[in-house]
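Here's the structure we're looking at; comments come further down.
The values are calculated or read from the model by the stated rules, or taken from the named source; none is laboratory data. Computed from a prediction, not measured in an experiment: that's the story for all the values here. What goes into the accessible areas is simple: the full protein's heavy atoms, side chains included, and nothing from ligands, DNA or RNA. Shrake-Rupley method; radii C 1.70, N 1.55, O 1.52, S 1.80 Å.
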Amino acid sequence: MSQHRQHSEYRDTPPPDHARLRPPPLPAASLARTALLDSLMQHLAQGRRLALLRSPPGYGKTTLMHACALQLQQDWLWLRCSSADNQPAQLLSQLAALLAVPPGNPAHLETVLFNQLESRQAPLVLFIDNLHLLRSNPARQLVNRLLTLATSQLQIVAACQGEPQLAITQLYRDQQLLELDTTDLTLD
């Protein structure tokens, strides 16, 4: 990517959409998914990098992630992706707001974010809902860097429809990936 193009992608960092930085309310009558919740909690307790919930809409991915977040005894953050996050500046703005990074030079925001993650001493779980909406290469590359370069203190639980366009082969090989798909998420 040319330096001019990269600079123009980050020229103006839009304000974050705070409504997407928290989970939606839990349904009034949700079903207990004890086995799936236990599987997620065990995966996180073992310090593994990525749990991926993959199914069509309506299988309870978001509700399961929210229930998991409520049971955690560690810090967690929530990002509900939108198509706007395909713009690098928007995705970085959302992540900066999550990590309470003050706005600064947008061209250096990614470095500041990664430095803050690197300096963390306590584990942190990032829940990413609607991961399938990240279709641009820069947005997917940023998530890949979170999975591969960010501190080992960072774990990600992500929900998507279909196969995410992420580099997860190494995570699978290193037994750092938990995959729950339609078969696992189907209710009896």
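Residues in segment 152-162 carry Karplus couplings, in order, of 5, 6, 8, 10, 10, 10, 10, 10, 8, 9, x Hz; the curve used is 6.51 cos²θ - 1.76 cosθ + 1.60 with θ = phi - 60°, and Gly or Pro positions show x. By a 1.4 Å probe calculation restricted to protein chains, MET41 has an accessible surface near 40 Å², given to the nearest 10.
Taking every alpha-carbon pair under 8 Å whose residues sit at least 6 apart, the chain reaches a relative contact order of 34 percent.
Close amide H contacts of THR151 (hydrogens built in the peptide plane, cut-off under 5 Å, sequence separation of 5 or more or a different chain): GLU118. Remark on LEU180: its backbone amide H falls under 5 Å from those of LEU52, LEU53, ARG54, a criterion applied only to residues 5 or more positions apart or on other chains, H modelled at 1.01 Å from N. The angle between the Cα long axis of helix 109-119 and the main principal axis of the chain comes to about 50°, on a 0 to 90 degree scale. The C-alpha atoms of the chain define a longest principal axis, and helix 88-98 lies at about 60 degrees to it. Note down the Stokes-Einstein diffusion coefficient of segment 39-188 in µm²/s, whole number, using a Kirkwood radius over alpha carbon pairs, 25 °C, and 0.890 mPa s. My calculation gives 157 µm²/s for D. Rounded to the nearest 10 degrees, the angle from helix 61-71 to the longest Cα principal axis of the chain is 90 degrees.
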